[in-house]
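Chemist: This structure is in structure tokens; I'll ask about it shortly.
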Amino acid sequence: MKKLFSIALALLMAASVPLGSLAENAPAPKLVADSASIDMDGSDGYTGDYVVIYNPSTNGSNGISTGNMSGLIETQVGTSGGFAAPAPGLEAGAGYMVDVDGILAQEAKAAGIMPGMRRNEAPAERSLSFEVGDTRDFYIASYSPIPGGDIEFKVLAKGEHCYIWTPTSTAANVYPLDGIDPTFADIAAAEFDSKFDLMQQSFGDHDNAQGDGRLNILYYNIDDGWQPGQGYVGGYFSSWDYFMNELPCLNIDTYPGVHSISTDGTVTDDISKTFNVMVHEYQHLINYSVAGYMDTWENECMSAAAEEICYPGSSVHRRINSWTNYFFDDENWHNPPEEYPYVPSFQLHNGYTMYGWDNNMDMDNILVLYAQVSLFAQYIFTQHGNTTFRALLQQCAQGRDFVQAFQNVTGQSASEFVRDFRVALTANTAPNVLEGLYGFRMQEGYDPANYHGVANLYSWLGPVVFTGSQCNIKGGGAITVKPVGGVYYPPADANGSLVYIGVTRSTSGSPGQFEKGDVDMNGSVSIADAVLTLRGAMELAELTPMQIELGDMDDSGSISVADAVAVLRKAMGLL
């Protein structure tokens with residue numbers, strides 16, 4: 001009991017620090033269903049507000065036809081548009097990030113570069129260690145700002161697990177990090193160190209090559225010809241670095257990755273824009289170290305997971321926008337449409353599959369592929385936890401493909417799991433609905449204050465509804481249709497291998513979506529909920545009516561310190 005009151009006192013101390021409104025008057029998650037039913041019977045048609053049509057094959061090469069659905073499905077649904085973003089990227093005005101890792105891996109593999117290969121075959125016992133101010137030449141194989149690629153770099157900061165390097169050249173096209181802000185290197189090193197253990201736990205260790213165990217993070221202008229408003233390469237990992245430089249390296253962009261100019265001429269210097277990139281690319285490095293050349297969709301899935309594990313919300317909020325083709329601004333952060341029309345030019349909206357990742361697709365389709373694998377990563381986390389990624393990597397290192405690796409790690413059929421994921425994109429249920437099988441949960445540590453007060457980013461995830469007449473669905477792919485009259489009978493010319501799942505969902509916005517005590521509405525009750533309840537009771541945080549109802553443990557009609565203690569007891573398993 002003394003321990004409990006000591007923790008309550010600690011909560012009081014935490015609550016005394018004004019952090020601003022965590023809720024910002026956010027309504028209940030609008031598109032998270034608080035009740036749902038699933039129909040896989042089909043003996044009298046497939047009943048539902050929506051029907052998911054899925055190809056259960058794990059071979060993404062061949063498509064099978066839905067048949068002609070004219071007259072069977074609605075052809076006018078949803079709302080499109082929202083905020084007219086410049087692209088499905090993020091830094092409004094400055095541009096959006098594109099990823100070239102898959103292309104670089106393809107090129108390196110074709111050139112015969114394989115894990116463990118070194119240009120000079122340096123002795124295994126050689127260990128390179130550096131101090132701040134030391135210089136060394138690095139060969140930049142791709143997007144070099146200096147012709148020839150051999151560039152002298154200097155150490156700006158030495159962390160526990162990394163070195164931060166930047167070119168010594170001050171040529172106009174190089175944009176060295178210390179020329180932008182001399183404090184940024186120490187900040188970047190400390191940030192990487194703070195995420196290192198989490199990355200190792202989630203994915204594994206990297207090949208140390210001839211280094212001292214530290215990662216070499218090279219900050220410079222990745223010269224991709226960027227112009228304000230266009231896409232840019234935010235960073236990359238290349239297996240050429242191991243071969244040519246004999247050290248584990250990441251390449252991080254400084255222009256516009258750190259120093260950017262928007263289309264209206266506004267200049268921004270922000271090292272934090274590279275943090276997601278660091279962990280995304282570090283996963284690629286670990287992935288190569290452990291499993292060699294993994295399929296691009298799997299590799300990018302894990303890097304998307306790395307972003308969300310290290311920075312909860314950072315991947316989800318962008319990728320839902322890309323998947324639904326709907327972008328938000330101050331007018332609609334908390335008011336998303338209930339459903340979204342499919343985009344005919346998006347292949348994934350037409351039955352394509354994440355298994356069929358193609359680096360030669362146009363950028364719109366590549367960004368939608370990233371959205372799909374990012375959401376798939378979070379579905380894996382929701383159902384099996386983050387350590388699943390490391391276990392899958394270890395299985396792939398032993399030569400197993402995704403299907404067998406997934407079966408071995410989880411005991412589940414990959415085909416059925418992907419089916420449930422495709423249903424979850426439409427059903428999007430709360431954690432306590434249908435045992436949480438058809439929903440998503442935010443990563444622990446998600447802070448709504450960082451995302452416009454949106455308590456649960458999956459409140460944006462509504463059904464993307466196909467309104468064409470027919471399509472071919474690839475293995476692992478699916479579409480969602482809205483049946484006329486609420487019942488779907490597959491047409492006679494539909495391929496018999498397709499699987500149909502009727503989905504009926506309700507989003508009443510009642511507190512039944514969440515259990516008592518889940519004040520931050522992330523699907524679980526934790527000490528963070530107790531802190532938030534206490535802050536609300538002390539008027540240090542403005543809670544929504546729904547959050548107040550969830551935190552009102554004694555049903556008195558308001559929240560108090562006693563309610564905060566009750567939430568704490570529940571989080572500790574004492575209630």
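Chemist: Which one of D207, D241 is surrounded by fewer than 24 Cβ atoms within 10 Å (Cβ to Cβ) and touching a residue at least 60 places away in the same chain (Cβ under 8 Å)?
Modeler: One residue alone meets the criteria, D207.
Chemist: Within the stretch 231-242, is there a residue that is within 14 Å of M97 (Cα to Cα) and either of a type in the set (S, T, Y) or outside the structural domain of E152 (by TED's automatic domain parsing) (or both)?
Modeler: yes
Chemist: Here is a further query. How many residues are at positive phi and in contact with a strand residue (DSSP E or B) (Cβ under 8 Å, 6 or more places away or on another chain) if we restrict to the stretch 471-499?
Modeler: Here the count works out to 1.
Chemist: Being surrounded by 20 or more Cβ atoms within 10 Å (Cβ to Cβ) and either within 30 Å of the chain's Cα centre (by Cα) or not assigned by TED's automatic domain parsing to the domain that holds A455 (or both) is the requirement here; does A562 meet it?
Modeler: It is false that A562 is surrounded by 20 or more Cβ atoms within 10 Å (Cβ to Cβ) and either within 30 Å of the chain's Cα centre (by Cα) or not assigned by TED's automatic domain parsing to the domain that holds A455 (or both).
Chemist: Do any residues in the stretch 528-543 that are hydroxyl-bearing (S, T, Y) have Cβ atoms under 6 Å from those of residues that are buried (at least 24 other Cβ atoms within 10 Å of the Cβ) and part of a loop (DSSP other than H, G, I, E, B), where the two are at least six apart or on different chains, and which pairs are they?
Modeler: T533/V519; T533/I559
Chemist: Moving on. Within the stretch 150-161, can one find any residue that is at pLDDT below 95, aliphatic (A, V, I, L, M) and either more than 13 Å from C249 (Cβ to Cβ) or outside any strand (DSSP E or B) (or both)?
Modeler: No: zero hits.
Chemist: If you go through the stretch 486-505 one residue at a time, do you hit one that is over 24 Å from P56 (Cα atoms) and of a type outside the set (V, I, T)?
Modeler: Looking for residues that are over 24 Å from P56 (Cα atoms) and of a type outside the set (V, I, T), one finds none in the stretch 486-505, hence no.
Chemist: Of the conditions (1) modelled with pLDDT under 95; (2) not in a loop (DSSP other than H, G, I, E, B); (3) not assigned by TED's automatic domain parsing to the domain that holds S43, V503 clears all except one; give me its number.
Modeler: If we test V503 against (1) modelled with pLDDT under 95; (2) not in a loop (DSSP other than H, G, I, E, B); (3) not assigned by TED's automatic domain parsing to the domain that holds S43, just (1) comes out false.
Chemist: Another one. Identify the single condition in (1) crowded, with 18+ Cβ neighbours inside 10 Å; (2) out of contact with any Gly (no Cβ under 9 Å at 6 or more places or on another chain) that L574 does not satisfy, given that it satisfies every other one.
Modeler: Here L574 meets the rest and fails (1).
Chemist: Still on this structure: Are any of the residues in the stretch 517-533 within 28 Å of the chain's Cα centre (by Cα), surrounded by fewer than 19 Cβ atoms within 10 Å (Cβ to Cβ) and at pLDDT 80 or above?
Modeler: Looking for residues that are within 28 Å of the chain's Cα centre (by Cα), surrounded by fewer than 19 Cβ atoms within 10 Å (Cβ to Cβ) and at pLDDT 80 or above, one finds at least one in the stretch 517-533, hence yes.
Chemist: Turning to a different aspect of this structure: Going through the stretch 299-330 one residue at a time, which ones are out of contact with any strand residue (DSSP E or B) (no Cβ under 9 Å at 6 or more places or on another chain) and either surrounded by fewer than 22 Cβ atoms within 10 Å (Cβ to Cβ) or assigned to a loop (DSSP other than H, G, I, E, B) (or both)?
Modeler: Result: Y311, P312, G313, S314, S315, H317, D330.
Chemist: Could you list, in sequence order, all residues of the stretch 430-463 that are over 19 Å from the mean Cα position of the chain (by Cα) and not in a loop (DSSP other than H, G, I, E, B)?
Modeler: If the condition is that a residue be over 19 Å from the mean Cα position of the chain (by Cα) and not in a loop (DSSP other than H, G, I, E, B), then L434, E435, G436 are the ones that fit.
Chemist: Give I103, I73 a once-over and let me know the one that is in contact with a Pro (Cβ under 7 Å, 6 or more places away or on another chain) and at pLDDT 70 or above.
Modeler: Just one listed residue meets the conditions, I73.
Chemist: Okay, moving on. Report whether or not E416 is part of a loop (DSSP other than H, G, I, E, B) and among the charged types (D, E, K, R).
Modeler: It is false that E416 is part of a loop (DSSP other than H, G, I, E, B) and among the charged types (D, E, K, R).
The values are calculated or read from the model by the stated rules, or taken from the named source; none is laboratory data. Note that the structure is a prediction, hence the values are computed from the model and not measured. As a convention, Cβ positions derive from the backbone with ideal geometry for all residues, glycine included, and neighbour counts pool all protein chains shown.
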